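J.: The structure under discussion is supplied below as structure tokens; questions concerning it will follow.
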Amino acid sequence: MLLYSSTSIFDEAAARVVKEEEWWFESEEGNLLKWHWPLGLIYDSHTIAASIRPTTSSSSLQSVPLRLVLHLVSPPTEKLLLSPSAEACKQAFMGQMKEADFIRWGNTKRMTGLRKAEQDGLWEGIKEHNFDEYWRVASKVTPTTTPARSQSPPLPSSTSLHTRPPSADPQTGNGGPDRDGAYNVRNIPVRIYLPDGPVIQDVVPPLLDDGSPNSLHDFLSKNLSKLFPASPSEPPFHELAYPIIQGVEIPGDAEMAWLGACMAGADGWVNVCIGIIRDHGSRL
């Protein structure tokens, strides 16, 4: 965000000397901020990192401000993995969108079929905070929120977190299946982020073998069975850990297809961050 704000931070003389390609950020705790991560993921990652740090009071977990330290020289490029230039960020963003496109549909025809002006429009919408410009193109790539076949009642439009314009959802006609629907994708692009741990990526189909919707509980119990047992001895769903997406703690019965259509980031990925519960009740 500060990449384009040098004139707001420095006086005119200092701004001429500063080289934006040498800027880099770290958190107050000394963690590097990766340029190619969405801001929501950066904050969620910061939140779960705080969940494993010692604290003297559980009430301090109610708010976890992300304080940033801006460095102006000597970026640790070997750790950042990406130069802090706008073009590098754009290429990383477009690469993530294409990968998500392949995971969802089994090919990248939707992304590669976009005109160059449309692909540029995706990035310009993000850079300029222009949702309408971004969504004008993104609606051609991402799935619609059509519910599963009689598995889930349709959500009222007023409660949907997905602000997709109604005109962007194709008409199925005669109640037929929506080929672009969230439950008709091949897989949902999902990654799991653990505090101080590896990033986990797995194949996540929208439906289970028996035809029922694949839930967040199903997904997490498959990949993190120690934290999310398939058959917990007693409720609640979150006993040792809890998942957050876009700053929201998500219930276990949330359907993965719905999350893929409604809680994915601008790059098409659902980033599930796992916080740790201390003392069975102390959480962020």
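J.: Checking His162 against (1) in contact with a Ser or Thr (Cβ under 7 Å, 6 or more places away or on another chain); (2) at pLDDT 90 or above; (3) in a loop (DSSP other than H, G, I, E, B): exactly one of these is not met. Which one?
T.: (2)
J.: Shifting gears a bit: Search region 192-227 for residues being assigned to a strand (DSSP E or B) and touching an Asp or Glu at 6+ places or on another chain (Cβ under 9 Å), and hand back the single one that is least open to solvent (accessible area, probe 1.4 Å).
T.: Selected residue: Ile192.
J.: Going residue by residue through region 206-220, is there one that turns out to be hydrophobic (A, V, I, L, M, F, W, C) and over 20 Å from the mean Cα position of the chain (by Cα)?
T.: yes
J.: Every residue in region 91-144 that is part of a helix (DSSP H, G or I), farther than 20 Å from Trp37 by Cα and open to solvent by 50 Å² or more (accessible area, probe 1.4 Å), please.
T.: Lys109, Arg110, Thr112, Lys116, Ala117, Asp132, Glu133, Arg136
J.: Consider Ala86 carefully, then state whether it is at pLDDT below 85 and either open to solvent by less than 30 Å² (accessible area, probe 1.4 Å) or in contact with a helix residue (DSSP H, G or I) (Cβ under 6 Å, 6 or more places away or on another chain) (or both).
T.: So Ala86 fails the test.
J.: Here's something else I'd like to know. Among the residues of region 255-281, write down those that are in contact with a Pro (Cβ under 9 Å, 6 or more places away or on another chain) and more than 21 Å from Val64 (Cβ to Cβ).
T.: Listed by number, the residues that qualify are Glu255, Met256, Ala257, Trp258, Gly260, Ala261, Ala264, Ala266, Asp267, Gly268, Trp269, Val270.
J.: Kindly establish whether Ala148 is surrounded by 10 or more Cβ atoms within 10 Å (Cβ to Cβ) and either basic (Lys, Arg) or at pLDDT below 90 (or both). First the steps, then the outcome.
T.: Values: surrounded by 10 or more Cβ atoms within 10 Å (Cβ to Cβ): yes; either basic (Lys, Arg) or at pLDDT below 90 (or both): yes.
So Ala148 passes the test.
The values are calculated or read from the model by the stated rules, or taken from the named source; none is laboratory data. Here the structure is a predicted model, which is why all the values come from computation and not from measurement. Glycine gets a Cβ as well: all are built from the backbone with ideal geometry, and neighbour counts include every protein chain shown. These area figures cover heavy atoms from the full protein model, side chains too; ligands, DNA and RNA do not enter into them. Shrake-Rupley method; radii C 1.70, N 1.55, O 1.52, S 1.80 Å.
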